[in-house]
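The values are calculated or read from the model by the stated rules, or taken from the named source; none is laboratory data. Since this is a predicted model, take the numbers as computed values, not measurements. Cβ: placed from backbone, ideal geometry, glycine included. Neighbour counts: every protein chain shown.
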Amino acid sequence: MTEHVKVEIAAGVMTLTLQRPEKKNALTGAMYNAMSQALKQAETDPAVRVVLFQGDGDSFTAGNDLADFASQARGESEVDSPAHRFIETISKVGKPLVAAVQGNAVGVGTTMLLHCDLVYLAENARLITPFVNLALVPEAASSWLLPLRIGHARAYAMFALGEPMDAQGALASGLANAVVPQADLRQRAHDVAIALTRRPAGSLGMTKKLMREQQRIAAQIAEEGVLFKERLATPEAREAFAAFAERRQPDFTKLSA
Ligand code: COA
């Protein structure tokens with residue numbers, strides 16, 4: 001157990017549970033590092049055949065901790081961030097990844113789902129990618145993978161307007177496998193994880209590899225990463241983070257590109 005991320009291995013399933021519900025499971029550097037470390041362990045540990053992500057409380061995750069973004073924007077902390085390393089790590093995992101999502105899945109909470117192989121949503125799940133509202137750009141290869149999965153128009157509305165995608169919409173557009181009552185969510189995701197542990201691991205690994213354009217994904221992550229870093233240092237981004245901290249709407253109108 002690392003602070004705010006519980007790691008359990010049982011019956012071939014590594015379960016990663018986000019445990020910072022008082023902050024809607026917003027992800028700190030320590031939490032990203034804990035998840036990256038667990039995923040690296042999962043890749044080499046024969047006791048792990050499947051990884052399952054879930055979050056405690058009413059939200060899957062509110063995405064990157066905005067106080068961390070703000071301190072990166074002020075140049076006070078490392079921008080080659082644990083977040084970027086987590087994104088690189090999850091994008092390369094060969095073992096099956098399953099996610100159980102309730103409530104809000106914001107930013108990386110949604111983009112990481114594009115790297116999961118099976119996604120189960122509670123009826124109240126909402127996928128939100130408000131990168132432009134934060135004066136940032138999409139990450140985790142989502143600028144390529146999301147339009148690929150749901151089409152340009154819907155992806156653009158999610159990125160540029162921050163339009164949430166509800167659970168039924170996500171199911172209909174192919175971002176999820178099923179929508180279930182919240183009370184059944186964890187059991188459903190766990191059952192399917194167990195089913196995967198009984199499949200031949202070699203065949204699963206090759207199937208996943210064949211289904212993902214790994215080089216293209218890595219190139220997109222790298223390109224996004226450069227722009228994301230640049231964006232974090234802009235007055236627009238500083239205004240966005242200050243507005244969140246001050247619980248007000250940002251005003252970008254006096255700032256030019
Ligand atoms: N980073 C840091 N703290 C966060 C956070 C984040 N991404 N998201 C929520 N929190 C904190 C809030 O500041 C609040 O803390 P406080 O109780 O100490 O004031 C607490 O979590 C509860 O959040 P609150 O906004 O009151 O909950 P809500 O149910 O009204 O709204 C969200 C939930 C997720 C819609 C809203 O918190 C939100 O929009 N968060 C920002 C999401 C975001 O932009 N993430 C980055 C994506 S790249």
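A few notes on this one:
- Answer from ALA157, ALA176, ALA189 - the residue that is at pLDDT 95 or above and surrounded by fewer than 18 Cβ atoms within 10 Å (Cβ to Cβ): ALA157
- The stretch 160-173 - residue that is farther than 25 Å from VAL51 by Cα and among the aliphatic types (A, V, I, L, M) and, of those, surrounded by the most Cβ atoms within 10 Å (Cβ to Cβ): ALA160
- Test result for SER91, more than 30 Å from ALA183 (Cα to Cα) and not aliphatic (A, V, I, L, M): no
- Just one of the listed residues (THR89, THR61) is touching a residue at least 40 places away in the same chain (Cβ under 8 Å), within 13 Å of the ligand (Cβ to nearest atom) and β-branched (Val, Ile, Thr), namely THR61.
- Criterion (crowded, with 18+ Cβ neighbours inside 10 Å, among the hydroxyl-bearing types (Ser, Thr, Tyr) and within 23 Å of GLU139 (Cβ to Cβ)) met by exactly one of THR61, THR15: THR61
- Failed condition for PHE69, given (1) over 13 Å from the mean Cα position of the chain (by Cα); (2) at pLDDT 95 or above: (2)
- With respect to (1) away from the ligand (no atom under 13 Å from the Cβ); (2) of a type outside the set (A, V, I, L, M, F, W, C); (3) over 14 Å from PHE131 (Cα atoms), the lone exception for GLU246 is condition (1).
- Note on the stretch 97-184: enclosed strands (runs of 3 or more DSSP E) holding 2 or more residues that are more than 12 Å from the ligand (Cβ to nearest atom) are 97-101, 118-122, 178-180.
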